[in-house]
Amino acid sequence: MVNVGILGATGMVGQRFIELLANHPDFEVTALTASTRSAGKRYEDAVTWNLESKIPESIKDITVVETDPQQVKDVEIVFSALPSENAAVAEPKFAKAGMKVASNASAMRMEPDVPLVVPEVNPEHLDLIEIQQKKRGWDGFIVTNPNCSTIALVMTLKPLYDQFNIKRVYVSTMQAVSGAGYNGVPSMAIVDNLVPFIGEEEEKMETETLHLLGDFDGESVTDANFGVSTSCHRVAVLDGHTEAVFIEMQNDFEVDDVKQSFSDFKGLPQKLNLHSAPKNPVVIREEENRPQPRMDRMEGNGMAVSVGRIRKDDVFDKGLKYILVGHNTIRGAAGASILNAELINEIM
Ligand code: NAP
């Protein structure tokens with residue numbers, strides 16, 4: 001077993017890490033960190049637990065420590081669910097202290113020597129780890145996963161980009177409140193309402209998508225070169241982001257070819273049969289009113305993206321449109337980091 005720690009273990013994503021790692025065959029949670037508000041308390045006393053599952057017995061009594069590598073002993077991997085500004089300071093310290101950091105936070109994502117990875121999409125970008133360690137003189141390293149709405153989008157774009165080439169993508173998101181953290185969106189702001197703004201989300205989706213589909217030449221990543229335009233909105237759903245996607249392709253296609261491309265799509269995690277890998281990363285719903293967040297977010301244990309209403313869009317030249325749903329705190333956050341760590345554990 002590999003001993004692992006969770007940074008920001010009391011937050012929305014931190015709780016998902018605990019839930020998903022509870023019965024993991026290779027990873028055992030032995031350290032939990034949070035802010036000074038929580039440090040020194042038993043986990044059960046420090047956390048406002050929000051998940052339907054119970055806090056695992058093995059976790060309740062662990063004492064939460066400050067987010068400082070000196071406080072985290074005998075741990076090989078740390079999963080980071082820290083707010084971005086804290087991650088920017090803490091994550092390099094953990095990597096410098098020799099730990100492998102699998103991060104959800106945006107702080108280090110676009111650093112040229114830090115891999116931003118979705119294992120089904122761009123596992124080859126993990127080769128940046130060696131470059132990062134040499135450049136920074138670290139024994140450990142940092143690997144990141146994209147933000148929640150980007151992960152779901154890019155898992156559906158990858159097979160289409162490879163097969164039909166993409167000219168332009170337009171995306172309109174309907175994002176769950178859990179994506180903003182427990183204190184993120186007050187109930188008075190979201191009940192009976194929709195908030196048509198999520199800070200920095202559109203910029204992240206636009207840059208991260210092109211980076212994930214970019215080419216790695218052994219030294220650096222050259223971003224993919226097509227237009228991505230997004231509009232991001234917060235809706236009164238607890239978990240599960242929905243996205244309306246409109247694509248202008250370079251090559252001709254039929255809707256059946258697109259469906260085949262989605263169904264055939266498998267990546268390295270499926271080939272290696274990694275513990276958290278969904279059997280099918282993209283699952284097609286044929287009903288006229290699916291996918292829906294409440295019905296479809298747990299597809300593939302929350303690790304698959306559901307796609308439906310796949311149809312041609314005649315307003316665009318070679319236009320395609322569809323709706324997708326992905327679980328934002330599982331596939332879009334904790335599950336994504338865990339899959340990154342499983343892949344690293346297997347291949348490095
Ligand atoms: P959250 O619910 O607000 O949790 C934040 C966590 O960080 C808590 O454990 C908190 O501990 C800890 N923390 C706060 N200030 C700290 C400090 N100064 N030093 C050390 N620890 C501190 O946030 P979240 O929604 O879980 O998000 C965590 C990260 O994941 C963010 O970077 C977010 O952007 C990213 N992310 C979230 C999602 C999502 O769907 N929620 C998806 C992708 C990525 P206390 O309890 O002690 O305050």
Inset, instruction - Find how much the distance from residue 191 to residue 68 grows on full extension, using 0.36 nm per residue of separation minus their present alpha carbon separation; answer in nm with one decimal. - result: 40.5 nm
Legend entry - the stretch 112-184 and the stretch 210-274: distance between their alpha carbon centers, rounded to Å: 10
Legend entry - Unit charges at the beta carbon, dipole of the stretch 172-252: most positive-side option, 242, 191, 226: 191
Inset, instruction - Report the charge-dipole magnitude of the chain in Debye, nearest 20, computed about the Cα centre from +1 at each Lys and Arg Cβ and -1 at each Asp and Glu Cβ. - result: 640
Inset, instruction - Output the relative contact order of the chain, whole-number percent, from Cα pairs under 8 angstrom with separation of 6+ residues. - result: 17
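Only four residue types carry charge here, +1 at the Cβ of Lys and Arg and -1 at the Cβ of Asp and Glu. Report the dipole size of the stretch 148-327 about the Cα centre in Debye, rounded to the nearest 20. Write down the numbers at each step before the final one.
On the way: 18 positive and 28 negative charges, 121 e Å.
In total the dipole reaches around 580 debye.
Rounded to two decimals, what ratio of Rg to Rh does the chain give with C-alpha atoms and a Kirkwood Rh? List each step's numbers first, then the result.
On the way: Rg = 19.5 Å, Rh = 20.3 Å.
Here Rg/Rh amounts to 0.96.
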Inset, instruction - Rank 172, 55, 14 by how far each Cα sits towards the positive end of the charge dipole of the chain (+1 on Lys, Arg Cβ; -1 on Asp, Glu Cβ) and give me just the farthest. - result: 55
Legend entry - Cα-centre dipole for the stretch 1-75 with unit charges at Cβ (Lys and Arg positive, Asp and Glu negative), debye to 20: 200
Inset, instruction - Please give the peptides 26-36, 322-332 ranked by average Cβ packing (other Cβ atoms within 10 Å per residue), highest first, as a rough proxy for protection. - result: 322-332, 26-36
Legend entry - Acute angle (nearest 10 degrees) that the helix 84-96 long axis makes with the longest principal axis of the chain, alpha-carbon atoms: 60
Legend entry - For the stretch 22-37, 3J(HN,Hα) per residue [Karplus equation, 6.51 cos²θ - 1.76 cosθ + 1.60, θ = phi - 60°, Hz, x = Gly/Pro]: 4, 10, 6, x, 10, 10, 10, 6, 10, 9, 10, 10, 7, 7, 5, 4
Legend entry - In Hz, Karplus ³J(HN,Hα) per residue of the stretch 296-302 (6.51, -1.76, 1.60; θ = phi - 60°; x = Gly, Pro): 10, 5, 8, 4, x, 6, x
Inset, instruction - Sort the stretch 127-253 into rounded, prolate or oblate with this rule: let a ≥ b ≥ c be the square roots of the eigenvalues of the Cα gyration tensor; rounded if a/c is under 1.5, and if a/c is not under 1.5, prolate when a/b is larger than b/c, oblate otherwise. - result: oblate
Inset, instruction - For residue 313 and residue 85, compute 0.36 nm times the residue count separating them, minus their Cα-Cα distance, and round to one decimal in nm. - result: 78.0 nm
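Using a 1.4 angstrom probe on heavy atoms only, work out the carbon and sulfur share of the accessible area of the stretch 148-327 in %. Present the calculation step by step, with values, prior to reporting the outcome.
Numbers: 3920 of 8570 Å².
The value for the stretch 148-327 is 46 percent carbon and sulfur by accessible area.
The values are calculated or read from the model by the stated rules, or taken from the named source; none is laboratory data. Since we're looking at a predicted model, the values are computed, not measured. Don't worry about glycine lacking a Cβ; one is built from the backbone with ideal geometry, like all the others, and counts go over all protein chains shown. The protein model used for the area step is the full one, side chains on, heavy atoms only, and it has no ligands, DNA or RNA in it. Shrake-Rupley method; radii C 1.70, N 1.55, O 1.52, S 1.80 Å.
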